[in-house]
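Working notes, structure below.
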Amino acid sequence: MSSSLRFITQNHPLIKIDPLSSDPIAGRLAVHTITTNPWSLAEAAKHYSARGIGGISVWIEALQGISDSQAHRILDDAGLKVPALVRGGFFCHDSAAERQFRIDRNRQLLATAAAIEAEMMVLVVGAHPGAPLETQRHWVADAIEALIPDVEATGVKLAIEPLHPMYAGDRSCINRIAEARDICQRLNHPLIGVAVDVYHVWWDPDLQREIELLGQQKTLFAYHLCDWRIPTRDMLNDRALMGDGCIDLPGITAMVRAAGFDGWDEVEIFSEDHWKEDQHQFLDSILDRYSRLCTAM
Ligand code: ZN
């Protein structure tokens, strides 16, 4: 059976809840600029908009060489909504002075997020090799707490993204939704929540319960889509197109819908293979696979 066919043959008990809008491409689909990395921000905005895609999540790398106001104009002219600026964070370091420097850097990024009218900023929280993970999670909570005045001033939400445990050594001391949720509960602020990326959490035995709890606690802020390639050849840049891997995307999407999430479905694929393709054809494939996923819902 092909993986695409898998989308329309599985049967999930939760999928009756919260049906998609009549035009999910315009109303629900967003693409991360990193997905079409060879394109500039202007090219990505133009081509996404031409396909009727409603949203664009902007990676900070896509802003290099252009001012925040120029970026805002590009996005505004294209008529695109901006679910997220990706990504702030990287809070973890054993030097307090360095941690403060990183908090200040996140303040600047929040200002950029506000300037491009991003709804949230995604946080990859970082990791410091050698420090206990629990200590590092306290650093993260303290850093996010320090940013709350800026969050309130800008209105830009912060979404903590748990990363797959293969990144626990040097990219993220938060690897399960439960750990991100703990920080949200500790800070208990309506603008602090969690980004659920299928690539990072699909393996979690508590996934359904954790997504339910995020829904109940109003902290499910973002949903990122791609797939897990078998075999994965690179820890970072080998994400697969939806349907080309082993993740139960209809099942997880059903969990997210059942939890009451009504935000963007954000396609986030970093892949050396796909970046070598014609990006227009790649975007065709993304739209095709996303439509199949919607049909499966
Ligand atoms: Zn993500």
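The values are calculated or read from the model by the stated rules, or taken from the named source; none is laboratory data. Just so it is clear, the model here is predicted, and its values are computed rather than measured. Glycine also receives a Cβ, built like all others from the backbone with ideal geometry; neighbour counts cover every protein chain displayed.
Looking at residue 145, is it away from the ligand (no atom under 13 Å from the Cβ) and on the phi > 0 side of the Ramachandran plot?
no
For segment 220-248, how many residues are over 14 Å from the mean Cα position of the chain (by Cα) and either more than 15 Å from the ligand (Cβ to nearest atom) or within 21 Å of residue 36 (Cα to Cα) (or both)?
19
Residue-wise test of (1) out of contact with any strand residue (DSSP E or B) (no Cβ under 8 Å at 6 or more places or on another chain); (2) modelled with pLDDT of 95 or more; (3) crowded, with 16+ Cβ neighbours inside 10 Å; (4) among the aliphatic types (A, V, I, L, M).
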site	(1), (2), (3), (4)
15	yes, no, yes, yes
39	yes, yes, yes, no
57	no, yes, yes, no
66	yes, yes, no, yes
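Within segment 129-141, can one find any residue that is small (Gly, Ala, Ser), surrounded by fewer than 21 Cβ atoms within 10 Å (Cβ to Cβ) and under 18 Å from residue 256 (Cα atoms)?
No; the residues of segment 129-141 include none that is small (Gly, Ala, Ser), surrounded by fewer than 21 Cβ atoms within 10 Å (Cβ to Cβ) and under 18 Å from residue 256 (Cα atoms).
Go through segment 64-109 and count every residue that is over 30 Å from residue 52 (Cβ atoms) and not polar (S, T, N, Q).
Looking only at that region, the number is 16.
For every residue, the table says whether it meets (1) part of a loop (DSSP other than H, G, I, E, B); (2) closer than 25 Å to residue 115 by Cα.
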| residue | (1), (2) |
| --- | --- |
| 139 | no, no |
| 148 | no, yes |
| 186 | no, no |
| 199 | no, no |
| 203 | yes, no |
| 209 | no, no |
| 215 | no, no |
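Condition (residue is part of a helix (DSSP H, G or I), touching a helix residue (DSSP H, G or I) at 6+ places or on another chain (Cβ under 6 Å), farther than 28 Å from residue 215 by Cα and more than 16 Å from the ligand (Cβ to nearest atom)) applied to segment 267-275: is it met by at least one residue?
no
Hey, can you tell me all the residues within segment 122-169 that are free of Cβ contacts under 8 Å to residues at least 24 places away in the same chain and either touching a Gly at 6+ places or on another chain (Cβ under 9 Å) or of a type in the set (A, V, I, L, M, F, W, C) (or both)?
Once the filter is applied, which keeps residues that are free of Cβ contacts under 8 Å to residues at least 24 places away in the same chain and either touching a Gly at 6+ places or on another chain (Cβ under 9 Å) or of a type in the set (A, V, I, L, M, F, W, C) (or both), segment 122-169 yields only 153.
Of all residues in segment 114-142, how many are among the hydrophobic types (A, V, I, L, M, F, W, C) and within 16 Å of the ligand (Cβ to nearest atom)?
Adding up the residues that qualify gives 7.
Taking the stated definitions as given, is residue 214 modelled with pLDDT of 95 or more, closer than 14 Å to residue 157 by Cβ and crowded, with 17+ Cβ neighbours inside 10 Å?
Taking the combined requirement at face value, the residue satisfies it.
Is it the case, given these coordinates, that residue 224 is crowded, with 19+ Cβ neighbours inside 10 Å and touching a His at 6+ places or on another chain (Cβ under 7 Å)?
no
Criterion first (away from the ligand (no atom under 16 Å from the Cβ), within 19 Å of residue 281 (Cα to Cα), at pLDDT 95 or above and in contact with a strand residue (DSSP E or B) (Cβ under 8 Å, 6 or more places away or on another chain)) does residue 78 satisfy it?
no
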